[in-house]
Structures are given as C-alpha cells and as structure tokens.
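What follows is a short report on a single structure.
Nothing in this text is a laboratory measurement; each read-out follows from the coordinates by a stated rule. Keep in mind the model is a prediction, meaning the values are calculated, not measured. No Cβ is skipped: glycine too gets one built from the backbone with ideal geometry, and neighbour counts run over all protein chains shown.
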Amino acid sequence: MGTAESAGTRLISVSGDVEKPGIYEIEWGISLKDVLELVGARNPRVAQISGPSGECVSVAREGNRTFSYKDLSCNGSLMVFSYERNLLEIVRHFIHFFVEESCGICTPCRAGNVELYNKMSLVIEGRAVEQDLEEIFEWAKIIRGSSRCGLGTTSPKPIITSLQAFPEEYKQKLVEQNGPLLASFDLNAALHEFTVATNTLQGAETAQTVEGSK
Ligand code: SF4
C-alpha cells in the first residue's frame with residue numbers, strides 16, 4: 001500500500017468543519033481532496049496540516065496535493081475550516097498558543113511571538129500597512145533561525161504559510177501609509193501617556209511646594 005517513496009498507511013486525527021470527525025487510517029498517496037470527501041468536509045476552504053506548527057493549505061488551489069513524505073507529510077493532525085470561518089482570527093489564535101507555550105529561554109521565541117501576535121492584531125483591526133507584512137517575514141526569519149527548540153523554530157509557520165496560501169486575505173485588510181507615521185502608531189494614545197506623565201510630575205511638584213511652605 002502507499003507509494004514507492006511513502007509505503008503503507010498513516011493514522012490521522014480529523015477535526016473541524018466535517019461531518020465525521022475522528023481517527024482515520026489513510027493510505028499514503030491519497031489526495032487532500034479525497035480525504036476531505038471521505039470525512040464529509042463541509043464547504044472546506046482551509047486545511048491545517050499537522051497542527052498549528054504545520055502548514056496552512058488552500059483547498060481550492062491545492063486540493064490535489066497528496067499525503068506523502070514528499071508533500072503533505074502529515075504528523076497525524078488535519079483540521080478543516082470552512083468558508084464561514086475567519087482565517088485571520090484562527091491564525092492569531094495559533095500564534096497565541098505559541099506565546100503561551102514559549103518557555104522564555106530564547107529571546108527570539110519569547111519576544112518574537114508576541115511581536116507576531118501584535119502584528120496579527122494590527123492586520124485584523126485594519127491598522128497594518130505593507131511594511132508590517134514585510135516585518136512579519138523578517139521576524140519569522142529571526143525566530144526560525146535562532147530559537148533553541150522545535151517549538152520556536154516552527155512557531156511562525158501558521159502566519160507564514162497562511163500568508164503564502166491566502167495573501168489576498170491579508171492584503172485586503174491593509175491600509176495605505178499616509179505620511180511618515182505608520183497606521184499602527186496611535187498618536188492619541190501616545191499623547192495620552194505623555195499627558196498622564198506630565199500631570200503626575202506636576203502634581204508631585206505642587207505637593208513638594210506646599211510641604212515646603214508649611
Ligand atoms: S525556542 Fe524552545 S527553548 Fe527557546 S524559548 Fe522557545 S520554547 Fe523555550
């Protein structure tokens with residue numbers, strides 16, 4: 001059974017928007033499309049192969065890809081998301097998982113995943129510009145190249161593979177950069193912090209003056 005390069009079968013756990021979730025034994029070489037039919041996928045748009053640290057695949061564009069060591073070398077998890085789901089929210093949720101699970105020893109994994117989470121929030125809130133997407137790739141490169149263990153090195157995958165599979169999903173949320181300030185920079189919030197700090201300082205000085213005149 002299987003193919004010349006990938007002999008035998010693989011057990012996979014199927015969850016998400018499917019009629020028949022559960023554990024399946026599939027033959028290596030079977031296409032994604034056929035597996036989705038087997039499990040009764042409902043209006044499938046996204047297949048997440050191998051969990052959050054795996055690959056995000058577009059069913060419409062890549063349904064003919066096969067489960068094999070040379071292609072979708074699934075580690076045992078297949079999550080299916082329909083057109084009704086919000087892909088960006090799902091990706092942010094995956095990144096949140098890595099933020100929570102990072103043990104914190106390596107700075108790129110500890111701080112980098114927080115940065116990726118913040119970037120995803122900017123995209124979702126419609127406050128990201130093209131430069132934010134470029135910085136996502138930069139951060140991903142740093143995290144993958146300098147984290148100590150597998151959790152760190154695979155943590156940018158949900159965002160990078162979803163960006164590659166569904167670039168339009170991200171691009172439609174971007175805003176044009178207007179002037180030198182990034183859209184993500186909240187001028188009012190920054191000024192508010194300054195006002196609070198100034199008021200606190202003035203309050204302390206006034207108290208000192210009153211104390212001194214007694
Ligand atoms: S890469 Fe691994 S060791 Fe480093 S902070 Fe992340 S979880 Fe910890």
Item to check | Dimensionless Rg/Rh of the chain - Kirkwood Rh, Rg from C-alpha atoms | outcome: 1.17
Next on the checklist: Please list, ordered by chain and number, the residues whose modelled amide H lies under 5 Å from the amide H of Gly29; skip anything fewer than 5 residues away on the same chain.
Outcome noted: Phe67, Ser68
Item to check | MRE, 222 nm, helices only [DSSP H, n ≥ 4, -39500 (n - 2.57), over the chain, to nearest 500] | outcome: -15500 deg cm²/dmol
Next on the checklist: Using Cα-Cα distances under 8 Å and only pairs 6 or more residues apart, what relative contact order does segment 9-82 have, in percent?
Outcome noted: 39 percent
Item to check | For segment 1-125: relative contact order, % (alpha-carbon pairs under 8 angstrom, 6 or more apart) | outcome: 23 percent
Checklist outcome for this item: Spelling it out for Gly16: with amide H atoms placed in the peptide plane at 1.01 Å from N, the residues 5 or more places away or on another chain with amide H under 5 Å from its amide H are Val80
Item to check | Summed residue charge, Cβ within 13 Å of Glu27's Cβ, Lys/Arg positive, Asp/Glu negative | outcome: -1
Next on the checklist: For Cα pairs less than 8 Å apart in space and 6+ apart in sequence, what is the mean separation divided by the residue count of segment 117-176, i.e. the relative contact order in percent?
Outcome noted: 48 percent
Checklist entry - Is segment 1-107 best put as rounded, prolate or oblate by its Cα gyration tensor, with a ≥ b ≥ c the root eigenvalues, rounded for a/c under 1.5, and otherwise prolate when a/b is larger than b/c, oblate when not? => result oblate
Checklist entry - Between the helical axis of 187-213 and the dominant principal axis of the chain, each derived from Cα atoms, what acute angle in degrees is found, rounded to the nearest 10? => result 30 degrees
Item to check | In Hz, Karplus ³J(HN,Hα) per residue of segment 2-19 (6.51, -1.76, 1.60; θ = phi - 60°; x = Gly, Pro) | outcome: x, 10, 4, 8, 10, 7, x, 10, 9, 8, 10, 9, 10, 9, x, 7, 9, 6
Checklist outcome for this item: Taking alpha-carbon centroids only, segment 135-149 lies from segment 9-62 a number of Å equal to 28 Å
Item to check | Reach of Lys70 by Cα under 19 Å, taken over aspartates and glutamates that are not fewer than 8 positions away in the same chain | outcome: Glu5, Glu25, Glu27, Asp34, Glu55, Glu62
Checklist entry - Once you sort the root eigenvalues of the Cα gyration tensor of segment 87-171 as a ≥ b ≥ c, which label holds: rounded (a/c under 1.5), prolate (a/b larger than b/c) or oblate (the other case)? => result prolate
Checklist outcome for this item: The set of residues whose placed amide H lies less than 5 Å from the amide H of Gly51, leaving out same-chain residues fewer than 5 positions away, is Ser77, Met79
